[in-house]
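Just so you know, all these numbers are worked out from the coordinates, no wet-lab data involved. Just so it is clear, the model here is predicted, and its values are computed rather than measured. Neighbour counts are summed over all protein chains in view; Cβ atoms, including those assigned to glycine, are modelled from backbone coordinates with ideal geometry.
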Amino acid sequence: MPNRITTFCLACLGLLCCSVSADVTFQYYRFVPLQLRDNGVSMIQLADFTFYSEDGPLEETPLVTNPGGNNPDNERPANLTDFDSGTKWLDFNRQALIFHFPAPVTIDHFGFTTANDAASRDPVRWILEGSLNGETWTLLDDRSGSSEIYSTDRYASYEWNLNQVSDTPSSTLTLSTATISSPNALNIATGTTTTIHWTTGDATTVVLSSQNETLANSLNGSLSVSPTTTTSYTLSASSEAGTTIRTVTLYVNETELNPMINEFLSDPSSDKGLLDEDGEPSDWIEIYNPNPFALSLNGFSLTDDPSLSSIWPFPTEAIIQPEEHLLVFASSKNRSISGEEWHTSFKLAKEGEYLALIESGNLVLQDFAPYPPMFENASYGARLPSEGLGFDHFTTPTPRAQNDSPPEPPVHW
């Protein structure tokens, strides 16, 4: 079998020789297949899926998941990013793919390679979305209105522009203090100096403003501020193609709610479990930040030891963004490298055991003493407010997202 692309087709498809997609920057990308070449077929397959910057294929490798998918053991989502067309991803349920990068990455188009089997399994209608937090999604490419026409050749590679992205300027806007940074919002004490950093690309005019007052006009720069009340700052980057607007907020002296264990799962199966970067199904724990601003997780730890003598600390630079659902694999692999997946030093017992989130000085913020027995592919998490307070089992786990399915008994009790 070939190791890489054997057929190319660019100008006849979404990536035109005379048109260049605008850049977008997100940490999560979601590919949602809507229709296959044979509309009566439910299973989709692809050999590779690639994201490109203006310099070529991205070097970063994302964690690829297929929530709700049904994959054979040797045809899992991780095969899409192994740069080997001899492997493939197959999903009998035609569910979305989510690509989670260790940090935000900039792309200007994407592509996929068809797999070896029937052409009827090729996607012809889809959407591609981007997100900074895995919850709020921006439409980047919409091919839902009509079917894309391309060759039925096997092992053929196609690249597509982002047809929902205009050539408006790119920009970044970040808040940072000595201990924490965020592209969204921070909470500070009165008198704390915070630095606003911004960059732009392809802009002719830039305005950094707050409360109708212009603070700066440089294309790139930084500015120190010390507001006494909650204040928002807006960056407008303009060109002939349009204007890109980003806003950040500095909260002042707001009450901080503790992060919480929102959902966790033990006993994942090999065909439906969430895979880690090693391609292995793993237990996982989801931490939720209920605040509208980022929190530092420096000093926080997870443990399954009721004596608190053995703990897994979050990395000192760990930050959880506003209302983010942060995932930690409970695999016993004990990894805490910045920019990569995090793994606790323990696994979760499916029979039920102690689990706690603790702060500096072994202060227990939340614990399960113990949590109840777990069931294959069913998570245990916080109920939605409409479902009442407390925790329950969820037959449809939602890692990195709000628990949006009503709790119900797992299939196998």
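In order along the range 132-145, the phi-based Karplus estimate (6.51 cos²θ - 1.76 cosθ + 1.60, θ = phi - 60°) of 3J(HN,Hα) comes to 8, 10, x, 10, 9, 10, 10, 6, 10, 9, 10, 10, 8, x Hz; Gly and Pro are listed as x. Residue-wise HN-Hα couplings along the range 275-282, as the Karplus relation 6.51 cos²θ - 1.76 cosθ + 1.60 with θ = phi - 60° gives them from phi, are 8, 8, 5, 8, x, 10, x, 9 Hz; Gly and Pro carry x. Based on the alpha-carbon gyration tensor of the range 279-332 and its eigenvalue square roots a ≥ b ≥ c, which shape applies: rounded if a/c is under 1.5, prolate if not and a/b is larger than b/c, or oblate? It is oblate, given that a/c is not under 1.5 and a/b is not larger than b/c. Around the amide H of D48, modelled in the peptide plane, lie the amide H atoms of T113, all under 5 Å away and 5 or more residues distant in sequence or on another chain.
Taking a Cβ cut-off of under 13 Å around E340, the surrounding Lys, Arg, Asp and Glu residues balance to a net charge of -4, with basic ones at +1 and acidic ones at -1.
Residues in the range 262-272 carry Karplus couplings, in order, of 9, 6, 8, 9, 10, 6, x, 8, 6, 9, 10 Hz; the curve used is 6.51 cos²θ - 1.76 cosθ + 1.60 with θ = phi - 60°, and Gly or Pro positions show x. Tell me whether the range 348-387 comes out rounded, prolate or oblate; compute the Cα gyration tensor, take square roots of the eigenvalues as a ≥ b ≥ c, and use a/c under 1.5 as the rounded threshold. Oblate shape, in that a/c is at least 1.5 and b/c is the bigger or equal ratio. Panel order for D84, D108, D48, D55, by other beta carbons found within 10 Å of each beta carbon, from fewest to most: D55, D84, D108, D48.
Summing Lys, Arg as +1 and Asp, Glu as -1, what charge do residues with Cβ under 13 Å from the Cβ of F391 carry, F391 excluded? Result for the neighbourhood of F391: -4. Between the range 106-141 and the range 312-386, the alpha-carbon centres lie 30 Å apart. Among the chymotrypsin sites (Phe, Trp or Tyr not before Pro) in the range 88-145, those located in a DSSP loop and surrounded by at most 16 other Cβ atoms within 10 Å of their own Cβ are F92. Counting neighbouring Cβ atoms within 10 Å and putting the fewest first, the residues K272, K88 line up as K272, K88. Anything over 24 Å Cα to Cα? Flag those among K88/K350; K272/K350; K88/K333, in the order listed. Beyond 24 Å: K88/K350; K88/K333.
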